[in-house]
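Here's the structure, in C-alpha cells; my notes come after.
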Amino acid sequence: MKIGVFVCHCGTNISAVIDVQKVVNDLAKMPGVFAMDYKFMCSDPGQNMIISEIKQKKLDAVIVAACSPCLHELTFRNTLIRGGLNPYMLEIANIREQDSWVHTDRDKATEKAVRLAKMAVAKAKRNQPLFPQEVSVEKSCLVIGGGIAGIQAAIDISSAGYQTVIVEKEPSIGGKMAMFDKTFPTLDCSACILTPKMVQASQSKKVKIYTYSEVEEIGGYVGNFNARIRVKARSVNMEKCTGCGICWQKCPVKVNSEFEQNLGPRKAVYVPFAQAVPNVPVIDCVNCTYYRSKRQNPESKGLCRICEKFCPAGAIEFDQKDKIIEEKFGAVIVATGFSAFDHKVYGEYGAGRYKDVVTALQFERLLNSSGPTQGKILRPSDSKEARTIVFVQCVGSRDESKGVPYCSRVCCMYTAKQALLLKEHIPDANAYVFYIDIRAAGKNYEEFIERVQDEYGVLYLRGRVSKIYRTGDGALLVRGADTLSGTQVEISADMVVLATGLVSNPETVKLGQMIGIPYDKNRFFTESHPKLAPAETQTAGVFICGACQFPKDIPDSVAQAGAAASKVLGLFSQEHLMLEPVLACVNQKICNGCFHCRAVCPYNAIDEEILKDKSVVARVIESKCHGCGNCISACPVSAVDLKGYTNEQILEQLQSLR
Amino acid sequence: MEEKKEKNGFEPRLVGILCRWCSYQGADLAGTSRLKYEPNMTVLRVPCSARMSPLFLMKGLTSDIDGILFSGCHPGDCHYISGNMNARRRFVIFKKLLEFAGMEPERIQMSWCSASEDKKWADIVDSVTIEVKKTGPNNKFK
Amino acid sequence: MKELIDKAKELLKEKKVETVIGYREIRGCVVPAYVDSPCDADCLIFDKRCVYNLANYLKWFKNKNVALVLKGCDAKSINVWLQEFQIKRENIFIIGVECYGVMNEKSADAGLSDKCGHCEAHVPNIYDAVIKHQGDKKESVQGEPFKDIQEFEKLPHDERWDFWKKQFEKCIKCYACREICPMCYCKECIVERNIPQWIMSSPSVKGNFEWNMVRAFHLAGRCVECGECERACPVNIPLMKLNKKLIKEMKELFDYSAGQKEDVKSAIDDFYPEKDIKIDDKMIR
Amino acid sequence: MKYAYYPGCSLHSTSREYDMSAKEVSTRLGIELIEAPDWVCCGATPAHVTMHVLSQALPVKSLINAKQTGADTMAVCCAACFSRLKIANYHVLNDPGKKAKINRAVGAEYNGEVAVKHLLEILAKDFGLENLKGKMTAKLDGLKVACYYGCLLVRPRKIMQFDDEENPTIMDAVVETTGAKTVDWPGKVECCGASFSITKTGVVLRLCRDILQLASDAGAECIAVACPLCQSNLDLRQPEVNKKYDKKFDMPVLYFTQILGLAMGIDWKKLGLDKHIVSPLKFLKGKNIIK
C-alpha cells in the first residue's frame, strides 16, 4: 500500500510554529510512505498537485496534514475522487487548530505534528474504500394527526402530486382548532377558515383519511417505512351512510359530549360536530344500549337498535370489526398536537370541584354560536348569564411546582380574545384578567392586547390568584394579588375562566419510542436542531409540526406544517437516497446473538437474522444506522465494527505512538 | 537530585480520543481562539463517545502510553441521543477495574467538553498532562 | 434425593426433556451426569460435593430440550442467558435445588466454599421445580460481603500492581477459566482473533494482563459468582477477586446484580441520566 | 403498634385536652405512644428566624432521644412540632452539608432513621380507616363538622408529603369514620394568625373571623382541628371576634381526637371537653352525644 502525505504550510499559520520540512522528512522514512509539502494545500494548485501525485506515484491513500477536518475534509475527498481514488481513502492530520495554533515550542509542536501524521498513516493503512448506499424512496407520506397542522401538511404534499394518508384518532379531522370560536388577532371565525381546509383535504384524490384510527406500529427507515394502522370499528358503514343524521336524532342515549368539553350532550351514535369530515357518525360502544345489553348477555338479540331501524341507508353495522391496514410510506409527519392542561392539581382553584370555574376550551365552546349555549355566556351551574368573569392566566404554565415550567405561548392571546368576545357578547360585563406577564410577540398581537385593554375596558391585574372559593350566594370569590398597586384584591365573580396551558399529548412517549424520535422532559418531541432544523427529527424521514413539538399558535403550526411538507417534498424529489457509508456492520460468522448491540442502539437499527444453521444473529439495518459506534463498544466478541472507524484502525492509531 | 531531574524532564505521551461533534470541535475552537496548552496529547477522532470501547484504555496502557483521555458531549447533548450515557457507564466500570489491578487513576481519564468549551479543553489537557507528569512514566509493560 | 430422581424420571418418561443434566458419583468423586432414559436416573445425587455450575453444559444443548439440576447461584446464569437470548425458556426445565453451601474443593479442611459465605440464593430465583433441602439449614455468614475487596482497594496502587503482576505471571493461558464459565459462550473468543488483536497471545506480562482484564470486563454485570473460574484455574489465580470487584461496583454504582431477572436490560447497556450524573463528580471532568 | 410520642410544650400546658384525648384514643385503639425521654423544644417559630442550625438541631435532639423507645417512628400531634421535626429530618436526609452541621451541634450521629408522622397519618394510613370505623361505638350522625387543617400540616408539600396542600381530605376521612358529616368548605388551609395572637391580635381576629364565617356559611356546627395553635386562636379569640365584628359565633372548636373519643364512647371529662372557652357541652348535649 502506497500512502502519500501532503503537509500544508497554510501560509505561515502552520509553518511559523512547525518545522514542516522535518515532518516531511520523518514521514518519508516510513515504509511505503511518500511525503511532500506545499504552501496552500487547499488551493487549486495544491489540490492539482495531490491529484498528479496520486496518479504518478499510484497512491492508495492520502494523508493531508493541514487544518481541521471540519473545514476541508469534503474538499479533499473531492480531490481524491478527481484523482481516481475512493474519497474515504483520505485521512486528515489536524496540525493547525490542534497543533500550530495552540503551541509555541517549535520542537514540541513539530514532534506532535509528526505523531499526528503518523497516527493518520496508521489509520489509512487499514482504510477500505467505502461506498454510499443507495435506497429507493416510496413516494407517499403518512401524516399522524388530523389537526390544522396535519391537514395543512397533507394538502401541501398532495398538491405537489404525492399520495398522503392522514391518520386521526377522533371520528373527525379538525383537531382542537375546530373547537375554537374565533381566532386572534383578526377575530375571523375558526370554523370558517378551518372547514374549507378540511373539505379540500377530504376531496383531494391524493389524500386518504383514516379517522377513528390509530397507528399501531411503525417500522422501516427513510424512504421505506411500514406502518400498521388500526381503523377502529365505527359500527356505521362509511360507504352507505349519507350523513342524513336521522340515527343520532332518534338515538335515546344522551351522554356528555367530549367536543363540547362536557358542557353539552351528545348521543350514543354521534358526529362530534356539525362540520365533521367525514360526516359519518360513530357508535360509542361504551354507552350504546345495544352494546351494553350485548355485553351483559351475549346470547341475546340486543336491546334498542333504534338507529338501525330508522337508518334509511341501512348503514348501521353492529358487528363491524376493527380493520388493520398495512401500508408503505417514504416519509412520516407527526402532527399529534397537544392536550389541555388538567387543572385538577390546582387545589386552590377548586381542583375541578366548582362547576363555574371553567377551562379556556370550555369557555371557547360557550362563546361559540354552535356550542352548547348557542353562544350565550351562561354559567354551567345554573345557566344564569355570567356578567362578571375573572380570567386567570398561567394555569399550568410557568409553574414549576405543578411540573410545567414552560410558557404555553398562546394563553395571553386567547385570554385577551376571550375577554374581548365576552365584551362583545355582553357589553356591560366585567372582565378581569390576572396575569404574570403579557407575552404578545406576534404580528399585530401587541396592538390587539392594547385594544382589549383600552377600547373594551378589560381590567388587567398583574398578579396571581391565590384562591377561588364559592360563597354562600353561589358566587365565586376570587382572591388574588395586584402587585402593581401592592394590594390584595377580592372579586366576586359569576364565572372564572382558567387559561389552562398546553401540555403534550398523552400518547407522545409511546409514539416517540415507536418511531424513534426523542422527546424532552416536558414530553414534547425534540426537533433535530433547535434553530436550523425545526421540522426535522433525529430519525431521517420523520418530521414534526404543530404543537406536538412545543405549544404554538395556528399561524406557527401552519408554517411549520409547510416546512415539514417541503422537507418531505425534497425527499420525494429524489429517485434514490444516498446514505453515509460510515455504518456498523456485523460479522455474522462470529456473532453470538446476545444482542447487547440492540440494547444500546439508540436508533433501533439492529435486527435479528436467522442463519442457515438456525442460529439467530444480529444484522444492521443500514438505513437506520447513524454510525455512532455504540454497538461496537457493547459487543463482547467485536463481531460488529464501524466502517471508517474500525477497531483495528483505532488500535493501529494507538500503537503508532509507541 | 538526579532522579528528580529525570522526572521533571519526563514528557508523557498522551492520547485523547474525542467525539467529533463536541469535544473535537471544542479542541478546534481552542485553536481558533489561539489558546495555549501542553503539546503532549495526540488526538484521535471518533464519531461518538459510545465508540470509545473501554478496551482502548487497556490497549493504550499496554502499548506504553502514559495516559488516555476520553472526551465526549455533555450528558443530554449527545449527537446520537444517548451514546455518552452508555459510554459513561462502560468507562467508569473499566476504570475501576484497571485501578483495582494497580493502574494509576491519573492515566485513565474522561471528560465532557462541548463544542464551545475551548477554555475547558485547554484546561483539561493541561491538568491531565500535569497529573500524568507527576505520576511518572508508564513502564509496567516494557 | 428421591424427590430429585422421581422428578428426573417423570420428565424423561413423559418426554418433556431429552436429557437431564445432573450430578452423579463415580468412585467417590462427583461428576456431571447426562441422563437420557428414566432407568438411568437412579444415579442422580445432590449434596455439598456438587460444586459444578451445570449451566455451563447448556453451551452444548442450546436448542435441545434439557432439564438441569441447578443451585441458587447457578440458576442465575440462566437469567443472564435468557437476557442475552441464548436459550429459549421453554426449552429448558430447571430442577432447582435448595442449597446451603457446597464444599471448598481446594482446601483440605472440608469447609464451605468461599462463595457460599454470603449466599443470598439458597433457593433459585428461576426454576420449574424445587427440591427441598434435607437436614439443617445453616444460614450463611453475615457481614460485609466485599470486605476482602475493600481491604485490597485500600492498598497503594503499586502494591496492587505487584500483587496482580505476580498472579498473572503464573497464568499459562490454558483458558480453563473461560471453558468452565457459563457466561463465556462465544462462538469465537476474541483472544483467538488477530483482527483486531485486542489481546496479545503470548503469556507475557502484557498478554496475561490483557487477557485477564478483558475476561473480567466481559463479565461486568453478567458474572453470577458461581466461582467456577477460580476453581478451575490450575495455577490458582484469585480470579474471583476481579469478578467480585466488578460485582461490587455494579451494585454500588448502578444498583444492579446479575442474574436476578430475565427481562431487564443489563446495567452495562442501560443508563439512568438522573442517577448516573452522580458519577460525574468523582470520575469525569 | 408502637410509636415514640412527642407531645411538645402545648400539649403539656395550654392544650392538655389534646394530649389527654390523643392518649385516650390511642389506648383504645391499641396504639402504644411512648413519650420520648428527655424531649426538648421543637424550636417552633423563634428558632428558625434566629439561627438555622439551632432550629434543626433542636428537633434532631428529640429524634435521637426517641430512638431509646425502640420505635422507628415518632408520633406528633401538634402541627408546628410536626412541621419542625419533619423539616429537620428532610434536611438530614437530603443535605449532607447540613447533616454534618446538625450532627456537630447535637454531638451525635443521626441519619434520619426515625420517621415522623402526624397522628392523623397514623390513624388514616397505618391503622387504616376501615379498622378505625370498626372501633366506633357511638354514631355521631347529624354532627356537621368543618375540618380545619391550618397551614403548617400541609406545607411545604415537597417536605411534608402529607396531603394536597390546597384541598387536604385526610382529616375529613378520619372524622367521617365517626358517622359525622364533614362539610366541603374553602377555609381548610387558611391562616389563623398563629403566634400573632399576642403581638398583633387585630390580625388574628380578622383571620379568625374569616375562618369562622366560612365554616358557618358552609353549614358546619363545629370545627375540628389538629393543631393547638389553631385551636387556641379560634377558641380563645372567638368572644373577641364576636365583639369586634358584631357577630354571634358560638362555634365549638374541637380536636379531632376529641371527636373520635366521643364516638368511641369515652367519657367527656377524660377528653378534656370542659377545658374550652367556647364550651361544647351544651351543644353536644343538644345533639344527644353526651349526657
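The values are calculated or read from the model by the stated rules, or taken from the named source; none is laboratory data. This structure is a prediction, so every number in the text was calculated from the model and none was measured. Glycine also receives a Cβ, built like all others from the backbone with ideal geometry; neighbour counts cover every protein chain displayed.
Going by the conditions given, is C:ARG193 facing another protein chain (nearest Cβ under 10 Å), over 18 Å from the mean Cα position of the chain (by Cα) and more than 30 Å from B:THR135 (Cβ to Cβ)? Judged against the criteria, C:ARG193 is a match.
For segment D:190-205, does any single residue satisfy the condition of being hydrophobic (A, V, I, L, M, F, W, C) and out of contact with any helix residue (DSSP H, G or I) (no Cβ under 7 Å at 6 or more places or on another chain)? Yes: segment D:190-205 contains one or more residues that are hydrophobic (A, V, I, L, M, F, W, C) and out of contact with any helix residue (DSSP H, G or I) (no Cβ under 7 Å at 6 or more places or on another chain).
Among the residues of segment A:465-486, those identified as assigned to a strand (DSSP E or B) and of a type in the set (A, V, I, L, M, F, W, C) are A:VAL465, A:ILE468, A:LEU476, A:LEU477, A:VAL478, A:ALA481. Quick one: C:ARG222 ticks every box in (1) away from chain B (no Cβ under 14 Å); (2) surrounded by 23 or more Cβ atoms within 10 Å (Cβ to Cβ); (3) basic (Lys, Arg) bar one, so which box is it? Status for C:ARG222: all satisfied but (1). Among the residues of segment A:114-157, just one is of a type in the set (S, T, N, Q) and surrounded by 24 or more Cβ atoms within 10 Å (Cβ to Cβ), namely A:GLN152. The C-beta contact set for segment D:113-132 (first residue within 16 Å of D:TYR255 (Cβ to Cβ) and at pLDDT 90 or above, second residue among the charged types (D, E, K, R) and part of a helix (DSSP H, G or I), distance under 9 angstrom, 6+ apart or interchain) comprises D:HIS118/D:LYS86. Cβ separations smaller than 8 Å between residues 6+ apart or across chains give no pair from segment A:113-133 residues that are free of Cβ contacts under 8 Å to residues at least 12 places away in the same chain to residues that are part of a helix (DSSP H, G or I) and among the hydroxyl-bearing types (Ser, Thr, Tyr). Looking only at segment C:268-282, residues that are assigned to a loop (DSSP other than H, G, I, E, B) and either away from every other protein chain (no Cβ under 11 Å) or within 14 Å of A:ARG598 (Cα to Cα) (or both) come to 3 in all. A single member of D:LEU234, D:LEU207 is outside the structural domain of D:ASN89 (by TED's automatic domain parsing), within 18 Å of A:SER466 (Cβ to Cβ) and crowded, with 20+ Cβ neighbours inside 10 Å, and it is D:LEU207. Enumerate the pairs (first residue in segment C:59-88 and closer than 25 Å to A:ILE610 by Cβ; second residue anywhere and among the basic types (Lys, Arg) and crowded, with 23+ Cβ neighbours inside 10 Å) with beta-carbon separation below 9 Å, excluding pairs fewer than 6 apart on the same chain, so at least 6 apart or on different chains. Correct list of pairs: C:SER77/C:ARG222; C:VAL80/C:ARG222; C:GLN83/C:ARG222; C:GLU84/C:ARG222. From the list C:LEU253, C:LEU242, the one residue that fits, being at the interface with another protein chain (Cβ under 8 Å from one of its Cβ atoms) and crowded, with 20+ Cβ neighbours inside 10 Å, is C:LEU242.
Checked across segment A:441-457, the condition of being farther than 21 Å from A:LYS552 by Cα, within 14 Å of chain D (Cβ to nearest Cβ) and either without any contact (Cβ under 8 Å) to a residue 60 or more places away in the chain or buried (at least 16 other Cβ atoms within 10 Å of the Cβ) (or both) holds for no residue.
Checking every residue in segment A:482-498 against the condition of being within 28 Å of the chain's Cα centre (by Cα), outside the structural domain of A:PHE550 (by TED's automatic domain parsing) and not small (Gly, Ala, Ser) gives at least one match. Inclusion of A:GLY243 among residues that are of a type in the set (Gly, Ala, Ser) and under 32 Å from the mean Cα position of the chain (by Cα) is not warranted.
Matching residues to (1) surrounded by fewer than 24 Cβ atoms within 10 Å (Cβ to Cβ); (2) farther than 21 Å from D:VAL174 by Cα; (3) touching a residue at least 24 places away in the same chain (Cβ under 8 Å); (4) of a type in the set (Val, Ile, Thr):
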| residue | (1), (2), (3), (4) |
| --- | --- |
| D:ILE31 | yes, no, yes, yes |
| D:SER62 | no, yes, yes, no |
| D:ASP72 | yes, yes, yes, no |
| D:PHE82 | no, no, yes, no |
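Test D:VAL241 against the criterion of being surrounded by 23 or more Cβ atoms within 10 Å (Cβ to Cβ), without any contact (Cβ under 8 Å) to a residue 40 or more places away in the chain and farther than 25 Å from A:ASP473 by Cα, and give yes or no. So that I can check it myself, show each step before the final result.
Details: surrounded by 23 or more Cβ atoms within 10 Å (Cβ to Cβ): yes; without any contact (Cβ under 8 Å) to a residue 40 or more places away in the chain: yes; farther than 25 Å from A:ASP473 by Cα: no.
So D:VAL241 fails the test.
The number of residues in segment C:174-192 being in a loop (DSSP other than H, G, I, E, B) and surrounded by 16 or more Cβ atoms within 10 Å (Cβ to Cβ) comes to 8. Sort out which residues of segment A:512-532 are farther than 23 Å from A:VAL345 by Cβ and modelled with pLDDT of 90 or more, and write them in order of number. Within segment A:512-532, just A:PHE525 meets the criteria. Going residue by residue through segment B:66-73, is there one that turns out to be facing another protein chain (nearest Cβ under 7 Å), within 30 Å of A:GLN513 (Cβ to Cβ), in a loop (DSSP other than H, G, I, E, B) and not basic (Lys, Arg)? No, segment B:66-73 contains no residue that is facing another protein chain (nearest Cβ under 7 Å), within 30 Å of A:GLN513 (Cβ to Cβ), in a loop (DSSP other than H, G, I, E, B) and not basic (Lys, Arg). Within segment B:99-131, the set of residues being hydrophobic (A, V, I, L, M, F, W, C) and in contact with a Phe, Trp or Tyr (Cβ under 9 Å, 6 or more places away or on another chain) comprises B:PHE100, B:ALA101, B:MET103, B:ILE108, B:MET110, B:CYS113, B:ALA115, B:TRP121, B:ALA122, B:ILE124, B:VAL125.
When we screen B:LEU29, B:LEU44, B:LEU97, B:LEU18 for residues that are in a helix (DSSP H, G or I), of a type in the set (A, V, I, L, M) and either within 20 Å of A:LEU642 (Cα to Cα) or more than 7 Å from every other protein chain (Cβ to nearest Cβ) (or both), the only hit is B:LEU29. For C:PHE209, the criteria (1) at the interface with chain B (Cβ under 8 Å from one of its Cβ atoms); (2) in a loop (DSSP other than H, G, I, E, B) hold in every case but one, which is (2).
Filter segment A:612-633 for residues that are facing another protein chain (nearest Cβ under 9 Å) and either assigned to a strand (DSSP E or B) or touching a strand residue (DSSP E or B) at 6+ places or on another chain (Cβ under 8 Å) (or both); which is surrounded by the fewest Cβ atoms within 10 Å (Cβ to Cβ)? Restricting to residues being facing another protein chain (nearest Cβ under 9 Å) and either assigned to a strand (DSSP E or B) or touching a strand residue (DSSP E or B) at 6+ places or on another chain (Cβ under 8 Å) (or both), the top hit is A:VAL616.
Restricting segment A:336-357 to residues that are within 25 Å of the chain's Cα centre (by Cα), closer than 15 Å to A:GLY501 by Cα and not aromatic (Phe, Trp, Tyr), which is farthest from the other protein chains (Cβ to nearest Cβ)?
For segment A:336-357, the residue satisfying everything is A:GLY337.
Taking into account only those residues within segment B:77-94 that are of a type outside the set (A, V, I, L, M, F, W, C) and more than 7 Å from chain C (Cβ to nearest Cβ), which is nearest to the chain's Cα centre (by Cα)?
My answer is B:ASN84.
Only residues that are over 24 Å from A:LYS208 (Cα atoms) and part of a strand (DSSP E or B) were counted across segment A:319-344, and they come to 2.
When every residue of segment A:545-566 is checked against the conditions, none turns out to be surrounded by 21 or more Cβ atoms within 10 Å (Cβ to Cβ), assigned to a strand (DSSP E or B) and either within 14 Å of chain C (Cβ to nearest Cβ) or on the phi < 0 side of the Ramachandran plot (or both).
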